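To start, the structure itself, in structure tokens.
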Amino acid sequence: MEEKLTPKLKLRKFLATLVQSIRNAYYRFQGYDFHPSVILERNLNLDRLNHRGIHIGKNTLVASHATIMSHDHVKRVDGMPLMVDTSIGEKCLIGIGAFIMPGVKIGDEVIVGAGAVVTKDVPSNCIVAGNPAKIIKSGIIMNERAEWENWPGLNIKDGEG
């Protein structure tokens, strides 16, 4: 079914896309390693001490108030904070207020629940939630818009559930 957009909605969609593109370019200019297709919502807390240590794969959505760290003040090398790489794979969804600790590697097609604190590496195709984050479901499949494809009881292809 084709979606009809009013001129006002078309303008809003265009402006939202433009703002998102500018936001991504700004972060990439600072040295963050984000694929151009990444969707970054407002009010993110991204590590400012080690920009190059944060890597986010294509078609990933990071919700507002998420925190992603890439340095550790407790572990020090020659009096300086330890700089590490923190990676988020492709087609992931990072929930509102999630906290990704330094050095964590999150696989492809992962959903991180709102407010989760990810302290350890996360394998691909799963959902993690809680503090500390634990796997609550495995074997999920995400589509190109970081949406859960095989949601239980929902047939997405024909809209029946």
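Just so you know, all these numbers are worked out from the coordinates, no wet-lab data involved. Not measured: the values here are computed from a predicted model. Because the Cβ atoms are built from the backbone with ideal geometry, glycine has one as well, and the counts that use them run over all protein chains shown.
Within segment 11-57, restricting attention to residues that are among the small types (Gly, Ala, Ser) and in contact (Cβ under 8 Å) with a residue 24 or more places away in the chain, the residue that is nearest to His71 (Cα to Cα) is Gly53.
Conditions tested, residue by residue: (1) within 25 Å of Pro132 (Cβ to Cβ); (2) under 15 Å from the mean Cα position of the chain (by Cα).
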| residue | (1), (2) |
| --- | --- |
| Tyr27 | no, yes |
| Ile56 | yes, yes |
| Ser64 | yes, yes |
| Met83 | yes, no |
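Among the residues of segment 34-71, the one identified as in contact with a helix residue (DSSP H, G or I) (Cβ under 6 Å, 6 or more places away or on another chain) and among the polar types (S, T, N, Q) is Ser70.
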